[in-house]
There are 2 protein chains.
Amino acid sequence: MEIIIEPIREAWSKILKRPEIEKLELEEKVRSIFQLVGEEGDQGLLELTRKFDGVDLSGLQVADDMITQAGALLSEELKNAIQVAYRNISLFHEAQKSSEQRIETSKGTVCWQEFRALERVGIYIPGGEAPLFSTVLMLGIPAKIAGCKEIVVCTPPSANGSVDPAILYCAQLIGATSIYAVGGAQAIAAMTLGTESMVKVDKIFGPGNQFVTEAKRFSQYLGTAIDMLAGPSEVCVYADESCSPTFVAADLLSQAEHGEDSHVLAIVPSIELARKVKSEVNLQLQDLPRQEVAQKSLASGSIVVLSDQELAIELINQYAPEHLILATANSYEMSAKIINAGSIFLGNFTPESAGDYASGTNHTLPTGGQAKITGGVNLMSFGKMVTFQEISEIGLKELSSTIRTMAEAEGLHAHAYAVKIRESKIKQLI
Amino acid sequence: MEIIIEPIREAWSKILKRPEIEKLELEEKVRSIFQLVGEEGDQGLLELTRKFDGVDLSGLQVADDMITQAGALLSEELKNAIQVAYRNISLFHEAQKSSEQRIETSKGTVCWQEFRALERVGIYIPGGEAPLFSTVLMLGIPAKIAGCKEIVVCTPPSANGSVDPAILYCAQLIGATSIYAVGGAQAIAAMTLGTESMVKVDKIFGPGNQFVTEAKRFSQYLGTAIDMLAGPSEVCVYADESCSPTFVAADLLSQAEHGEDSHVLAIVPSIELARKVKSEVNLQLQDLPRQEVAQKSLASGSIVVLSDQELAIELINQYAPEHLILATANSYEMSAKIINAGSIFLGNFTPESAGDYASGTNHTLPTGGQAKITGGVNLMSFGKMVTFQEISEIGLKELSSTIRTMAEAEGLHAHAYAVKIRESKIKQLI
């Protein structure tokens with residue numbers, strides 16, 4: 001991690017640049033996968049699974065007994081931990097239910113919004129080295145609370161055709177209605193288009209590699225909703241003299257270990273603190289199992305020294321980090337000025353890993369600067385607000401000239417007539 | 001309008017089919033417009049304005065004096081109507097502000113969400129026969145209430161280079177920070193990419209023709225947020241014996257006059273009512289200035305007779321109409337069972353045109369079945385929720401084993417370490 005001292009504004013965009021992602025002619029490859037899945041359905045999926053996952057499956061759906069037996073394969077400790085996380089995530093997302101608020105905008109005119117859950121949602125869980133069962137909870141719990149009727153989970157099979165038991169256990173907890181052993185862009189294509197055995201969903205959630213992300217982008221282009229386009233993970237830590245450099249270093253590393261393309265950024269008010277953090281990072285790195293990955297990620301990260309806190313806030317808002325840790329004495333005051341961030345962690349005892357697993361907030365968050373335009377996944381991501389209005393005779397009488405005047409000015413005479421004809425009836429009534 | 005009596009389920013999708021939109025090789029044309037705007041900026045926009053709008057402008061931004069003088073060109077009656085609509089729309093959207101709710105998910109762990117406005121939003125207002133100034137209010141008022149710093153309005157110039165004064169008047173009311181006389185796909189490209197004189201926005205809102213819609217789709221593909229992909233407008237009216245067939249016909253016509261590709265659907269419980277509605281439609285059609293347009297639209301619409309109200313609800317949910325009018329005695333009870341609709345109008349004195357202009361609800365609503373996956377524009381469309389968490393020493397002690405266990409099971413040891421290192425410090429403290 002390079003220490004950059006009081007960089008001028010012109011130098012900021014270079015510091016904030018996330019690692020370049022190699023472009024792999026993804027668009028064309030993904031379109032051809034969609035075409036194959038569209039034309040050949042389940043057989044196409046099985047063929048792609050043979051090709052990409054190297055496993056010859058006889059069917060796509062994970063059998064019920066595999067799911068019910070999954071819990072027996074996990075330690076009690078892990079099951080307890082999952083239960084605690086489940087409770088906290090549920091509490092936070094349950095509280096996001098909005099109460100109906102009826103507004104009398106004008107005498108006799110009452111308007112309100114009501115929440116309606118999406119009927120069919122798809123959750124994609126990547127495979128690979130580590131089974132991301134926590135993401136099943138993060139996406140499945142709000143889907144369940146929202147009341148989605150169908151919750152489909154897709155995750156790639158391992159080389160022997162099985163699916164990780166922790167993923168199955170969590171999928172069962174959140175009430176997944178079906179689980180498919182299918183991964184990659186083909187899973188996204190299947191949830192977008194539907195096949196003989198898989199239902200077409202309304203919205204697709206979940207992280208994945210570049211193929212999955214490009215597939216979600218194409219799915220959205222075809223009209224399916226998606227949560228967001230997930231990129232490499234990232235953290236920004238702002239720490240002042242009240243911080244523990246040991247904690248700051250641990251937080252930077254817990255981001256860096258995610259992948260070589262993860263981006264970490266620390267901002268501190270003094271050179272001394274920057275040096276302390278850097279040496280702590282180097283120290284802790286020695287004992288890290290995923291040392292090699294973290295090292296590559298750290299190479300693109302930096303520790304920026306900015307003595308002016310207002311400037312630091314500007315830099316953070318320009319970066320728009322997925323995770324922002326404010327390890328400062330005035331973390332509340334400072335957080336009020338943060339416009340762009342996915343999730344904010346206040347103080348010295350709120351590590352990012354708490355939010356990743358168990359504090360209750362969602363860990364599906366905007367990356368790559370998307371925090372400028374969207375928040376993370378929450379309860380609202382699994383539904384929509386429908387607006388309602390009810391107007392009484394008196395209410396319409398009150399609004400009629402407004403509506404008629406505007407409709408006529410826009411050249412929409414039938415709009416005006418729909419009010420006029422009711423007015424004549426109201427006159428008879430009143 | 002054809003009367004269809006008790007159709008079987010297998011026949012539904014044909015009835016619900018919106019008019020086909022002619023495909024115009026839009027994708028390629030739109031991409032080339034984006035390329036031109038990206039490469040040539042303002043000059044490219046002026047060139048495209050000459051080509052598509054037939055007018056040679058010297059600059060893109062509407063001059064301040066044109067804006068301030070716009071009000072003088074409108075009748076007092078229209079300005080008053082706009083003020084009433086402004087007030088009602090403000091009241092409804094102001095009430096959508098969410099109060100911060102702090103949840104202690106676990107002892108010592110507090111999580112909450114805070115709203116942050118998008119910084120830069122773009123509003124597109126189509127030109128053409130009728131100036132849709134009401135849409136300036138519908139998109140601009142929530143943008144203003146949310147607190148967006150920059151609100152850019154784009155609308156095509158007329159043949160003499162001017163912009164409609166009602167649009168300018170409304171843009172001024174909602175606090176637009178700049179107004180550009182540029183339309184079509186090129187306006188969307190400019191707001192997506194930015195040019196010398198136009199700022200790149202975070203999110204683009206507003207309706208438009210097929211080119212504009214395809215441009216928004218491409219803009220989203222490039223990473224800019226959009227409100228939704230607007231298609232032809234549509235209404236579904238469910239009416240029982242308590243309705244006034246005259247009102248129902250007026251509501252159907254007020255949708256049909258929007259465009260030849262508008263879709264109208266009526267559902268009634270009896271053949272007698274179907275016939276009454278049909279003859280009223282034909283009667284009212286005679287006096288309609290936009291008779292020809294409405295007639296073509298009505299040709300694709302139908303009046304469906306379904307004596308079973310539960311079946312009718314199923315049909316409505318499958319259709320997912322942009323506007324749904326429930327002109328029934330039990331409209332409340334029925335509306336609770338509607339899952340998919342943009343905006344619902346209850347009772348006999350709540351015409352769609354009230355929601356189009358002045359009840360206070362938003363008229364930017366999902367079309368073409370998108371009501372299955374999204375609601376209309378509301379206050380939240382102009383911002384995002386940022387999550388926060390603050391954990392005390394005791395809070396982290398409470399959660400630490402959960403976090404460590406899950407992180408280790410996912411193979412993320414630095415995540416576990418970020419907690420472990422804090423635990424050792426907490427032991428010293430407590």
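The values are calculated or read from the model by the stated rules, or taken from the named source; none is laboratory data. Remember, predicted model here, so these are calculated numbers, not experimental data. All Cβ positions, even for glycine, are placed from backbone atoms using ideal geometry, and neighbour counts span all protein chains on display. Note: accessible area is taken over every heavy atom of the protein model, side chains too, but ligands, DNA and RNA are not part of it. Shrake-Rupley method; radii C 1.70, N 1.55, O 1.52, S 1.80 Å.
Within segment A:299-325, being hydrophobic (A, V, I, L, M, F, W, C) and either modelled with pLDDT under 95 or not assigned by TED's automatic domain parsing to the domain that holds A:F349 (or both) holds for one residue alone: A:A299.
Just one of the numbered conditions (1) in a helix (DSSP H, G or I); (2) open to solvent by 10 Å² or more (accessible area, probe 1.4 Å) is not true of A:Q186: (2).
Pairs linking a residue in segment A:337-361 that is farther than 15 Å from A:E322 by Cβ to a residue that is part of a loop (DSSP other than H, G, I, E, B), with Cβ atoms under 7 Å and 6 or more positions apart or on different chains, are A:N348/A:C243; A:N348/A:S244; A:F349/B:S392.
Only one of the numbered conditions (1) in contact with a Lys or Arg (Cβ under 9 Å, 6 or more places away or on another chain); (2) within 8 Å of another protein chain (Cβ to nearest Cβ); (3) of a type in the set (S, T, Y) is violated by B:Y124, and that is (2). Of the residues making up segment A:408-422, those that are open to solvent by 30 Å² or more (accessible area, probe 1.4 Å) and within 7 Å of another protein chain (Cβ to nearest Cβ) are A:A409, A:H413, A:Y417. With respect to being basic (K, R), open to solvent by 10 Å² or more (accessible area, probe 1.4 Å), at pLDDT 95 or above and not in a helix (DSSP H, G or I), B:K337 fits the description.
Every residue in segment A:261-286 that is more than 14 Å from chain B (Cβ to nearest Cβ), open to solvent by 10 Å² or more (accessible area, probe 1.4 Å) and either β-branched (V, I, T) or not in a helix (DSSP H, G or I) (or both), please. Listed by number, the residues that qualify are A:D261, A:P269, A:S270, A:I271. Condition test on B:Y124, is it in the same structural domain as B:C154 (by TED's automatic domain parsing) and open to solvent by 40 Å² or more (accessible area, probe 1.4 Å)? Taking the combined requirement at face value, the residue does not satisfy it. The listed residues are A:L173, A:L139, A:L168, and the only one of them that is farther than 24 Å from A:S343 by Cβ and within 21 Å of the chain's Cα centre (by Cα) turns out to be A:L168. Could you grab me the full set of residues in segment B:148-177 that are farther than 21 Å from B:K79 by Cα and touching a residue at least 60 places away in the same chain (Cβ under 8 Å)? B:C148, B:P156, B:P157, B:S158, B:A159, B:N160, B:G161 - these are the residues of segment B:148-177 that are farther than 21 Å from B:K79 by Cα and touching a residue at least 60 places away in the same chain (Cβ under 8 Å).
If you check B:V84 against the conditions, is it under 26 Å from the mean Cα position of the chain (by Cα), buried (at least 16 other Cβ atoms within 10 Å of the Cβ) and more than 14 Å from chain A (Cβ to nearest Cβ)? Give the steps one after another, and end with the answer.
Numbers: under 26 Å from the mean Cα position of the chain (by Cα): yes; buried (at least 16 other Cβ atoms within 10 Å of the Cβ): yes; more than 14 Å from chain A (Cβ to nearest Cβ): no.
So B:V84 does not fit the description; no.
Going through segment A:218-229 one residue at a time, which ones are within 11 Å of chain B (Cβ to nearest Cβ) and either among the acidic types (D, E) or open to solvent by less than 30 Å² (accessible area, probe 1.4 Å) (or both)? So that I can check it myself, show each step before the final result.
Here is the first cut: in segment A:218-229, the ones within 11 Å of chain B (Cβ to nearest Cβ) are A:218, A:220-226, A:228-229.
Within segment A:218-229, A:F218, A:Y221, A:T224, A:A225, A:I226, A:M228 meet the criteria.
Condition test on A:S242, is it small (G, A, S), without any contact (Cβ under 8 Å) to a residue 40 or more places away in the chain and more than 12 Å from every other protein chain (Cβ to nearest Cβ)? Lay out the reasoning, then the answer.
Numbers: small (G, A, S): yes; without any contact (Cβ under 8 Å) to a residue 40 or more places away in the chain: no; more than 12 Å from every other protein chain (Cβ to nearest Cβ): yes.
Against the criterion (small (G, A, S), without any contact (Cβ under 8 Å) to a residue 40 or more places away in the chain and more than 12 Å from every other protein chain (Cβ to nearest Cβ)), A:S242 does not qualify.
Summed over segment B:350-374, residues that are facing chain A (nearest Cβ under 7 Å) and open to solvent by 10 Å² or more (accessible area, probe 1.4 Å) total 4.
Does A:G347 qualify as being open to solvent by 10 Å² or more (accessible area, probe 1.4 Å), under 24 Å from the mean Cα position of the chain (by Cα) and at pLDDT 95 or above? Against the criterion (open to solvent by 10 Å² or more (accessible area, probe 1.4 Å), under 24 Å from the mean Cα position of the chain (by Cα) and at pLDDT 95 or above), A:G347 qualifies.
Conditions (1) under 19 Å from A:K384 (Cβ atoms); (2) surrounded by 24 or more Cβ atoms within 10 Å (Cβ to Cβ); (3) not assigned by TED's automatic domain parsing to the domain that holds A:G41, marked per residue:
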residue: A:G108; (1), (2), (3): no, no, yes
residue: A:L139; (1), (2), (3): yes, yes, no
residue: A:P157; (1), (2), (3): no, no, no
residue: A:N160; (1), (2), (3): no, no, no
residue: A:L168; (1), (2), (3): no, yes, no
residue: A:A171; (1), (2), (3): no, yes, no
residue: A:I174; (1), (2), (3): no, no, no
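Given the criterion outside any loop (DSSP other than H, G, I, E, B), within 23 Å of B:T350 (Cβ to Cβ) and either modelled with pLDDT under 95 or not polar (S, T, N, Q) (or both), identify the matching residue among B:Q255, B:Q295.
Numbers: B:Q295 fails: within 23 Å of B:T350 (Cβ to Cβ).
Checking each option against the conditions leaves just B:Q255.
Rundown of residues vs (1) out of contact with any Leu (no Cβ under 8 Å at 6 or more places or on another chain); (2) more than 7 Å from chain A (Cβ to nearest Cβ); (3) of a type outside the set (G, A, S), yes/no style:
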site	(1), (2), (3)
B:N378	yes, no, yes
B:S400	yes, yes, no
B:M406	no, no, yes
B:S424	yes, yes, no
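The condition (being open to solvent by 40 Å² or more (accessible area, probe 1.4 Å) and either in a loop (DSSP other than H, G, I, E, B) or facing another protein chain (nearest Cβ under 10 Å) (or both)) is satisfied by just one residue among A:P232, A:P289: A:P289. Checking the stated criteria, A:L326 turns out to be surrounded by 21 or more Cβ atoms within 10 Å (Cβ to Cβ), of a type outside the set (F, W, Y) and either more than 7 Å from every other protein chain (Cβ to nearest Cβ) or within 18 Å of B:L396 (Cβ to Cβ) (or both). B:A256 falls short on exactly one of the conditions (1) in contact (Cβ under 8 Å) with a residue 40 or more places away in the chain; (2) of a type in the set (A, V, I, L, M); (3) away from chain A (no Cβ under 11 Å); (4) buried (at least 20 other Cβ atoms within 10 Å of the Cβ), and that condition is (3).
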